[in-house]
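The values are calculated or read from the model by the stated rules, or taken from the named source; none is laboratory data. Note that the structure is predicted; figures quoted are calculated from it, not measured. Every residue, glycine as well, gets a Cβ built from its backbone with ideal geometry; the counts of neighbours run over all protein chains shown. We work out accessible area using only protein heavy atoms, side chains counted, and drop any ligands, DNA or RNA first. Shrake-Rupley method; radii C 1.70, N 1.55, O 1.52, S 1.80 Å.
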Amino acid sequence: MKNHTSLHSLFAIALIMLNGLPIKAQNPKPFVEVNGNRTEYQINPVGIDEPQPRFSWIIKSNVRNIKQIAYELRVDTDSLKLKEGKSVRWTSQKVQSDASNQIVYEGPALQPGQPYYWTVRIWDNQNHITDWSPIASWETGLLKPASWKASWIEPAMAGDSMAGEPCTLVRKSFKLKKEIKKARLYITAHGLYQLEVNGEKPNDWLFTPGWTSYNKNLQYQTYDLTTNLKKGDNAIGVILGKGWYSGNLGWSSGSTLYGKQTAVIAQLEVEYTDGSTTRVVTDKTWKFNKSPILMSEIYHGETYDARLEIPDWSKPSYIDKAWKPVMVRNFDKSILTAQIGPPVKKMFKLTPVNVFKAPNGDTLVDMGQNMVGWIKLTVNGKAGSTVVLKHAEVLDKDGNIYFTNLRKARQTITYTLKGNGTEVFEPHFTFQGFRYIKVSGFPMMPTKDQFI
């Protein structure tokens, strides 16, 4: 009887729960839409040199068996008018096709430094016509050699090539007279460069302009500096390193494969809010000086003397009267092309798993895995004292660090302290393949948090 009552109770609870739920789920409203628009495989890219860029999009639907059978694509220079359907620079018209990738622009010739906007709609095999997709955009780069008004400049004077070890600093102060609507900097280098604008890095790109066959194709980068510049005094600073261009490269440790001297070319295009424009270019008015980077090589590492730092060197307030004038060079501009791949960036951080003494007495840091990257060093010490980091992938059978497989690559970071409390350093133009680091120069046993 007791069990019978319990079954009745459970049955009643089940009925109550069922009554609280819909007997039949309602079907969601069917939809088909277009989104995920990309130009040259990128989302709203800036600085595209392709005269006939390619478009792609994604079809999204909650209906089964949907297939695009036609599309229409529209392009204009005015996003608002395009959205309202009032202005169309080019339309593909209705094209009978199921293709949604690598659709080629076939409109009027594109202009340098111009933003363009586009949208697309599709027809499918179930009689749907989608709404127009969200407006996507791209902005052209300089497109052709004639658009380059800047000159190549070298941080050297006649009879003084500066082709030795130290990296160089190049700078230019200038004034912008009005409020800024848009600013774009087009820049590349012989060697590697790091850009600073008014004392700050505008983004997190690394190892620009990358490695190409420099005598045939040299990529330039486009920076959106609209928020980095201001009405009034401004400055651009560039650190130049050898990189793959003139540094040691290959098993034979050969150097100057593409050239002996680093150089830079840069062109800043500014549009003011009143519609007028101005331009700042690399020319003979730029100046250079030696940097605290005494050596930086892809294979060999970097030597840095913090005592030689020049505070605020890339700010407009810095006085550069003692700096030397650059040399203007007539290098080929026809090989300059906009960057087509994603930039190099820091992807993640690793912290060491152990700091220990090897059997031979060396102090070693174990990162826990083999990796490609570099160490961000935190250290305290007296001015002039030097910390040395030597990188390797493995330990030998006795548990000591093993360098033989590196051949001639030194993979060494040498940092000389300036002696102003806690100092943080990471190299500029080099990276290492390693798991273990041999460290020397620390006044006492270092800790794991000093290496990231």
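Side notes on the structure shown:
- Residue check for Asn35: in contact with a strand residue (DSSP E or B) (Cβ under 9 Å, 6 or more places away or on another chain) and exposed (fewer than 14 other Cβ atoms within 10 Å of the Cβ): yes
- One residue alone among Ser56, Ser97 is open to solvent by less than 40 Å² (accessible area, probe 1.4 Å) and touching a strand residue (DSSP E or B) at 6+ places or on another chain (Cβ under 6 Å), and that residue is Ser56.
- Looking at Pro427, Pro446, just one residue is under 30 Å from Pro209 (Cβ atoms) and either outside any strand (DSSP E or B) or among the hydroxyl-bearing types (Ser, Thr, Tyr) (or both), and that residue is Pro427.
- Residues satisfying the stated conditions in the stretch 81-120, i.e. outside any loop (DSSP other than H, G, I, E, B), out of contact with any Phe, Trp or Tyr (no Cβ under 7 Å at 6 or more places or on another chain) and under 19 Å from Val46 (Cα atoms): Val104, Pro115, Tyr117
- So Asp320, is it more than 23 Å from Asn248 (Cα to Cα), open to solvent by less than 70 Å² (accessible area, probe 1.4 Å) and touching a residue at least 24 places away in the same chain (Cβ under 8 Å): yes
- Subset of the stretch 229-244 (residues that are crowded, with 24+ Cβ neighbours inside 10 Å and in a loop (DSSP other than H, G, I, E, B)): Lys242
- Residues in the stretch 369-405 that are in contact (Cβ under 8 Å) with a residue 40 or more places away in the chain, open to solvent by 60 Å² or more (accessible area, probe 1.4 Å) and not in a strand (DSSP E or B): Lys376, Asn380, Ala383, Glu393.
- The lone exception for Arg410 - which of (1) modelled with pLDDT under 95; (2) touching a strand residue (DSSP E or B) at 6+ places or on another chain (Cβ under 8 Å); (3) more than 27 Å from Val238 (Cα to Cα) it fails: (3)
- Per the listing Gln68, Gln111, Gln126, the residue uniquely loosely packed, with under 14 Cβ neighbours inside 10 Å and either in contact with a Lys or Arg (Cβ under 7 Å, 6 or more places away or on another chain) or not basic (Lys, Arg) (or both) is Gln111.
- Criterion violated by Met445 - all others in (1) farther than 19 Å from Leu294 by Cα; (2) surrounded by fewer than 17 Cβ atoms within 10 Å (Cβ to Cβ); (3) modelled with pLDDT of 95 or more satisfied: (3)
- Output for the stretch 97-129, where each listed residue is more than 12 Å from Ile69 (Cα to Cα) and of a type in the set (Val, Ile, Thr): Ile103, Val104, Thr119, Val120
- Filtered residues of the stretch 265-307 (kept if in contact with a strand residue (DSSP E or B) (Cβ under 8 Å, 6 or more places away or on another chain), open to solvent by less than 20 Å² (accessible area, probe 1.4 Å) and charged (D, E, K, R)): Glu302, Asp305
- Residue that is modelled with the highest pLDDT [pool: residues in the stretch 330-351 that are more than 21 Å from Phe451 (Cβ to Cβ) and open to solvent by 90 Å² or more (accessible area, probe 1.4 Å)]: Asn330
- Index of the failed condition, Val104 passing every other in (1) touching a residue at least 40 places away in the same chain (Cβ under 8 Å); (2) closer than 25 Å to Leu143 by Cβ; (3) open to solvent by 50 Å² or more (accessible area, probe 1.4 Å); (4) in contact with a Ser or Thr (Cβ under 7 Å, 6 or more places away or on another chain): (4)
- Unique match (being open to solvent by 60 Å² or more (accessible area, probe 1.4 Å), touching a strand residue (DSSP E or B) at 6+ places or on another chain (Cβ under 8 Å) and of a type in the set (S, T, N, Q)) among Asn360, Asn420, Asn354: Asn354
- Residue check, Phe348 within 28 Å of Gly210 (Cα to Cα), of a type in the set (A, V, I, L, M, F, W, C), in contact with a Lys or Arg (Cβ under 8 Å, 6 or more places away or on another chain) and in a loop (DSSP other than H, G, I, E, B): no
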